[in-house]
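All remarks here apply to the structure that follows.
The values are calculated or read from the model by the stated rules, or taken from the named source; none is laboratory data. Every value quoted in this text rests on a predicted model; they were computed, and no experiment measured them. In this analysis, Cβ positions are derived from the backbone assuming ideal geometry, glycine residues included, and neighbour counts consider all displayed protein chains.
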Amino acid sequence: MSQPDSSETRLDRQMGFALLRLILGVNMLGRSIVRLPELQSFAGGMADGFADTFLPHTFLIIYAHVIVFTETVIGVLLILGWKTRWALAVMGLLLATLTFGIILQQNFGTAANIMIYSIAVGLLLFNTRYDHFGIDRGFTFRRATGDR
């Protein structure tokens, strides 16, 4: 039989969740912000990096644009704490596709780095009950109390 969280322990978990969510959000948004001014260069470089794989060049150019757009949206959502569960799920899917590409390049060190992000995403998804500081919590509170 598990013990209920003390209010202090629960607050620690809520703050830990919020900090990790914020750090992942800043990371994702920051990555997209630095790539936006050089989007064509980023896309071309990424496509060139996969020249030795079976992935088509045009697909890679399009996918590079999708990556930057997706990182921007995920970053904003995580920073705000809005649609957190879905932002994390999409981030997990993005990481899965990036891992696939990195494996095709046989860049196993980068694949291992992606696993660190994946662990953070998994930890947050597993603990969404501690997602207290963010827009989602405010909407949930209003809905539960009937306030509009």
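Each residue in segment 84-111 was checked for being small (Gly, Ala, Ser) and within 22 Å of Phe54 (Cα to Cα), and 4 of them qualify.
Mind listing whichever residues of segment 71-84 are buried (at least 21 other Cβ atoms within 10 Å of the Cβ) and in a helix (DSSP H, G or I)? Residues satisfying the conditions are Glu71, Ile74, Gly75, Leu77, Leu78, Thr84.
Among the residues of segment 5-62, which ones are charged (D, E, K, R) and assigned to a loop (DSSP other than H, G, I, E, B)? Write out each step before concluding.
Residues of segment 5-62 that are charged (D, E, K, R), as a first pass: 5, 8, 10, 12-13, 21, 31, 35, 38, 48, 52.
Correct list: Asp5, Asp52.
Scanning segment 1-32 for residues that are surrounded by 14 or more Cβ atoms within 10 Å (Cβ to Cβ) and without any contact (Cβ under 8 Å) to a residue 12 or more places away in the chain yields one hit, Asp5. Screening Ile62 with (1) buried (at least 18 other Cβ atoms within 10 Å of the Cβ); (2) closer than 15 Å to Thr97 by Cβ gives one miss only, at (1). In segment 99-121, the residues that are touching a residue at least 60 places away in the same chain (Cβ under 8 Å) form Cβ pairs under 7 Å with partners that are part of a helix (DSSP H, G or I) and among the hydrophobic types (A, V, I, L, M, F, W, C), at six or more places apart or across chains, as follows: Tyr117/Leu95; Ala120/Leu20; Ala120/Leu24; Val121/Leu88; Val121/Met91; Val121/Leu95. When you scan segment 85-101, do you find a residue that is over 18 Å from Ile23 (Cα atoms), surrounded by fewer than 17 Cβ atoms within 10 Å (Cβ to Cβ) and at pLDDT below 95, even just one? No, that holds for no residue.
A quick yes/no check of all residues on (1) more than 25 Å from Val34 (Cα to Cα); (2) of a type in the set (S, T, N, Q):
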| site | (1), (2) |
| --- | --- |
| Val76 | no, no |
| Thr84 | no, yes |
| Met91 | no, no |
| Ile103 | no, no |
| Thr110 | no, yes |
| Met115 | no, no |
| Ser118 | no, yes |
| Leu123 | yes, no |
| Thr128 | yes, yes |
